[in-house]
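K.L.:
Supplied in structure tokens, the structure appears directly below.
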Amino acid sequence: INQWYLRYREGSPLQADDWEGFRDPAALNYRRYIALQHEREVYAEGVVDHYEALNHDDKLDPAWVRVLEQLYIPARFAVHVLQISGLYVGQLGPSAYITNAAFFQAADELRALQWIAYRAKSLSLTHGTHLANTEATRHIWETDEAWQPAREALERLLLAYDWGEAFAALNLVVKPTLDAFFKEALVDLATANADGLTAALLQESRVDTTRSQAWSAALARYAIDQNSGNRAILTKWV
């Protein structure tokens, strides 16, 4: 374990004189994070109750449900990689302030996973049990052409052992791209297909995306301010 840290943290090409000087713009601690997310869970559960009272899923076009089956429900696998990678960046982060920001981000991904699981189950009650079947969803994830570029990128991300490379790949490339798809493009698609519940849940999670992008940009700027050579290193990894 010590050798791992020496190679992939202390030995990282991404170097600064003092990583302890970095601060998360959100200035979150555990107590604040839990309180913030509790309030948002209460809101999200209220949204769910509202749409369930309207028998929302019964009214969805089956063609749209097939889109969700192909492009949304399998996102559980992608988000799980984002969670694992966030935990890894946090575990190897060279300061507690970096570790905390990465761990809170990973916790955000767990929350996203829970809502994907909820939508899969709720849709399955009306549109077929296969929607909540893990093997069926995994088959789409592993074989559907639409997913393969993302799957390859995510599997490569899991092999980014250098903490700086893992941060750059996850927070500057992969996560922003997937967040743009799910929390912007898919929101618009869901709205256009009268799926207000999926749209509302995805839109609500944009708060997490904004916070992730803020601390990621702040850390990249801090690294470059500390050592101008870090710009080329980050650019190479991106």
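K.L.:
Do you know which residues across region 176-216 are assigned to a helix (DSSP H, G or I) and open to solvent by 60 Å² or more (accessible area, probe 1.4 Å)?
P.N.:
Hits for region 176-216 are 177, 181, 184, 188, 189, 191, 192, 203, 206, 207, 210, 213.
K.L.:
Quick test of your reading of the structure: residue 1 fulfils all but one of (1) at pLDDT 95 or above; (2) of a type in the set (A, V, I, L, M); (3) loosely packed, with under 12 Cβ neighbours inside 10 Å. Name the failing condition by number.
P.N.:
Every condition holds for residue 1 apart from (1).
K.L.:
In region 152-177, what residues are touching a helix residue (DSSP H, G or I) at 6+ places or on another chain (Cβ under 7 Å) and charged (D, E, K, R)?
P.N.:
162, 165, 175
K.L.:
So which of 51, 97, 43 ends up being open to solvent by 60 Å² or more (accessible area, probe 1.4 Å), part of a helix (DSSP H, G or I), within 30 Å of residue 121 (Cβ to Cβ) and touching a residue at least 12 places away in the same chain (Cβ under 8 Å)?
P.N.:
That would be 43, the only listed residue that is open to solvent by 60 Å² or more (accessible area, probe 1.4 Å), part of a helix (DSSP H, G or I), within 30 Å of residue 121 (Cβ to Cβ) and touching a residue at least 12 places away in the same chain (Cβ under 8 Å).
K.L.:
Residues being closer than 16 Å to residue 225 by Cα and among the hydrophobic types (A, V, I, L, M, F, W, C): count how many of those fall in region 1-43.
P.N.:
Going through region 1-43 one residue at a time, the tally reaches 4.
K.L.:
Kindly check whether there is at least one residue in region 146-154 that is farther than 30 Å from residue 90 by Cα and open to solvent by 10 Å² or more (accessible area, probe 1.4 Å).
P.N.:
Yes, because at least one residue in region 146-154 is farther than 30 Å from residue 90 by Cα and open to solvent by 10 Å² or more (accessible area, probe 1.4 Å).
K.L.:
Looking at region 217-228, which of its residues are without any contact (Cβ under 8 Å) to a residue 24 or more places away in the chain and outside any helix (DSSP H, G or I)?
P.N.:
Hit for region 217-228 is 228, nothing else.
K.L.:
A follow-up question, please. In region 217-238, how many are open to solvent by 60 Å² or more (accessible area, probe 1.4 Å) and small (Gly, Ala, Ser)?
P.N.:
2
K.L.:
Next question, about the same structure. Taking region 195-217 as the search range and keeping residues that are among the β-branched types (Val, Ile, Thr) and touching a helix residue (DSSP H, G or I) at 6+ places or on another chain (Cβ under 8 Å), which one is farthest from residue 22 (Cα to Cα)?
P.N.:
Selected residue: 198.
K.L.:
Being free of Cβ contacts under 8 Å to residues at least 40 places away in the same chain and either within 13 Å of residue 167 (Cβ to Cβ) or open to solvent by 70 Å² or more (accessible area, probe 1.4 Å) (or both) is the filter here; which residues of region 11-29 pass it?
P.N.:
Within region 11-29, none qualify.
K.L.:
When you check residue 143 against the structure, is it over 23 Å from residue 214 (Cα atoms), more than 12 Å from the chain's Cα centre (by Cα), open to solvent by less than 40 Å² (accessible area, probe 1.4 Å) and of a type outside the set (Phe, Trp, Tyr), yes or no?
P.N.:
Answer is no for this residue.
K.L.:
Can you name the number of the only condition in (1) touching a Pro at 6+ places or on another chain (Cβ under 7 Å); (2) without any contact (Cβ under 8 Å) to a residue 40 or more places away in the chain that residue 132 fails?
P.N.:
(1)
Residue-wise test of (1) under 16 Å from residue 64 (Cα atoms); (2) open to solvent by 70 Å² or more (accessible area, probe 1.4 Å); (3) not in a helix (DSSP H, G or I).
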site: 91; (1), (2), (3): no, yes, no
site: 103; (1), (2), (3): no, yes, no
site: 113; (1), (2), (3): no, no, no
site: 117; (1), (2), (3): no, no, no
site: 122; (1), (2), (3): yes, no, no
site: 138; (1), (2), (3): no, yes, no
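The values are calculated or read from the model by the stated rules, or taken from the named source; none is laboratory data. Everything quoted here is computed from the prediction, not taken from an experiment. FYI the Cβ positions are ideal-geometry reconstructions off the backbone, even for glycines, and counts take in every protein chain you see. When the accessible area is computed, the model is the full protein with side chains, heavy atoms only, and any ligands, DNA or RNA have been set aside. Shrake-Rupley method; radii C 1.70, N 1.55, O 1.52, S 1.80 Å.
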